[in-house]
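S.K.: Just passing along the structure, written as structure tokens.
The values are calculated or read from the model by the stated rules, or taken from the named source; none is laboratory data. Keep in mind it's a predicted model, so treat the numbers as computed, not measured. Backbone-built Cβ (ideal geometry, glycine too); neighbour counts: all protein chains shown.
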Amino acid sequence: MSKLFLKPALFLVLLVCGAAMAIWNHSTADNELTLPQGFKAETVVESLGRNRHIVVNSNGDIYVKLEKLKDGKGIVVLRSDKGKYDLIKSFGNYTGTGIAIKKGYLYATSDNEVFRYKMLNNEVADPDHPEKIVTGLVSGNQHSSKSIALDNAGNIYVTIGAPSNACQEQDRTPGSRGKDPCPILEKAGGIWQFKVDQLNQSYEQGIRYCTGIRNIVGLDWNTKENQLYAMQHGRDQLSQIDSKDYNNEQNAELPSEEFFLVKKGSDFGWPYCYYDHLQKKKVLGPEYGGDGKQQGRCAGKDQPILGFPGHWAPNALLFYTGKMFPVKYHSGAFIAFHGSWNRAPLKQAGYFVVFVPMKNGRPSGNYEIFANGFMGKEFIMGPNQAKYRPCGLAQGPDGALYVSDDQVGKIWKIVYGK
């Protein structure tokens, strides 16, 4: 008699458990983010590590560059099986930010070197023996990450941030003068161009493509315009350096985070200048005799194509080339703002992904917040209070947009109309 009841009961338990597993495997909807109508976010992974930049291969595999090693490795590969992503491989014994895939190679950076890996059948062929194509780059105790972008002519562009706030004799010290000329600009504070197929290149083999940059993390090659674009982190501590000419409100909003169209030979003015989006001009920094209004030598420096409020910390830039999203997003720019610390005592800002419409290589309208809710609460006073901090962007082969977070290591996939 007991056997007759045991079988249906066991079948019911297995049926319920199987349904639960099916839901866990296939239901990845994520309601934490606020998105425009018609879009939805799916969770790729809840907590991976200190995710920095990401790239999605043509077969849908996600390559994640880590700022902190995970089980001794700095690159993680995720693969989807019916909507559930698993870690299938990790390699590279170095941390860093930059990662890209181009013409059969995976490129990745540490804070002072650039590597490439040959890919065969959508896999890294020899993960333990990459080719080192650039070495010996400046890496200081700030702005050390190396972002990369590749053009279609065999060049790779590497950001080399300045290990300084404003090239003062004593960094971040009130009353300390700025060095003039700034020696940092010889090997940092710019973007360098190297060849993708030459090994062990140093500064001597590279070309300083542009200068006058404090720190760039968001970098992308716009294939439609055949031009390099970048997002600059503006300088800090205007009111701390010069309390006479700047108050806390000005310090929170200035200087602008700058969206650059980068051309060979561009000079964007750091450390002598910064951009003020309220005045719509470059002005002289206080370390070089400025008072927030004077332009001086800054009048001739290259201008951004768009200025954002200060200290939003743009960490990724991506031009959308897919077809999944509505036409208004085609060829436009997505920017991931990481959020910064230098708005105190005012509340923090940033911590979202914005969209900038583009036409003929320049913004064709106002930016709009595309993905929000990363902070997890309405107000925070410091970055550690944020639930997530957007850091990387990538486009999938189907046109979906991926966003990585480096606070807890979450990754989202944003889709439209599914």
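S.K.: Evaluate the following for Ile414: is it among the β-branched types (Val, Ile, Thr), closer than 20 Å to Pro314 by Cβ, in contact (Cβ under 8 Å) with a residue 24 or more places away in the chain and in a strand (DSSP E or B)?
M.R.: Judged against the criteria, Ile414 is a match.
S.K.: Please give the strands (runs of 3 or more DSSP E) falling wholly within the stretch 58-110 in which 2 or more residues are touching a strand residue (DSSP E or B) at 6+ places or on another chain (Cβ under 8 Å), modelled with pLDDT of 95 or more and buried (at least 20 other Cβ atoms within 10 Å of the Cβ).
M.R.: Answer list for the stretch 58-110: 62-70, 73-81, 99-102, 105-109.
S.K.: Condition first: farther than 25 Å from Ile414 by Cα, in contact with a His (Cβ under 8 Å, 6 or more places away or on another chain) and modelled with pLDDT of 95 or more. Now tell me which residues in the stretch 306-362 satisfy that.
M.R.: Of everything in the stretch 306-362, those that are farther than 25 Å from Ile414 by Cα, in contact with a His (Cβ under 8 Å, 6 or more places away or on another chain) and modelled with pLDDT of 95 or more turn out to be Gly307, Pro309.
S.K.: Does the stretch 309-350 hold any residues that are closer than 19 Å to Val55 by Cβ, among the polar types (S, T, N, Q) and either assigned to a loop (DSSP other than H, G, I, E, B) or over 19 Å from the mean Cα position of the chain (by Cα) (or both), and which are they?
M.R.: Correct list: Thr321 only.
S.K.: A further question on this structure: Kindly indicate the residue of the stretch 228-278 that is surrounded by fewer than 18 Cβ atoms within 10 Å (Cβ to Cβ) and of a type in the set (Lys, Arg) and also farthest from the chain's Cα centre (by Cα) among those meeting that condition.
M.R.: The selected residue is Lys244.
S.K.: Which of (1) touching a Ser or Thr at 6+ places or on another chain (Cβ under 8 Å); (2) within 20 Å of Lys264 (Cβ to Cβ); (3) of a type outside the set (D, E, K, R) does Gln170 not meet, given it meets every other one?
M.R.: (2)
S.K.: If a residue must be assigned to a loop (DSSP other than H, G, I, E, B) and basic (Lys, Arg), how many such residues does the stretch 257-297 contain?
M.R.: Matching residues across the stretch 257-297 total 4.
S.K.: Tally the residues that are among the basic types (Lys, Arg), in contact (Cβ under 8 Å) with a residue 60 or more places away in the chain and closer than 28 Å to Gln227 by Cβ, restricting the search to the stretch 142-200.
M.R.: Qualifying residue count, the stretch 142-200: 1.
S.K.: So Lys323 ticks every box in (1) under 30 Å from Gly285 (Cβ atoms); (2) loosely packed, with under 13 Cβ neighbours inside 10 Å; (3) among the charged types (D, E, K, R) but one. Which box is left unticked?
M.R.: (1)
S.K.: Moving on. Of the residues that make up the stretch 132-142, is at least one in a loop (DSSP other than H, G, I, E, B), within 20 Å of Tyr63 (Cα to Cα) and out of contact with any helix residue (DSSP H, G or I) (no Cβ under 7 Å at 6 or more places or on another chain)?
M.R.: no
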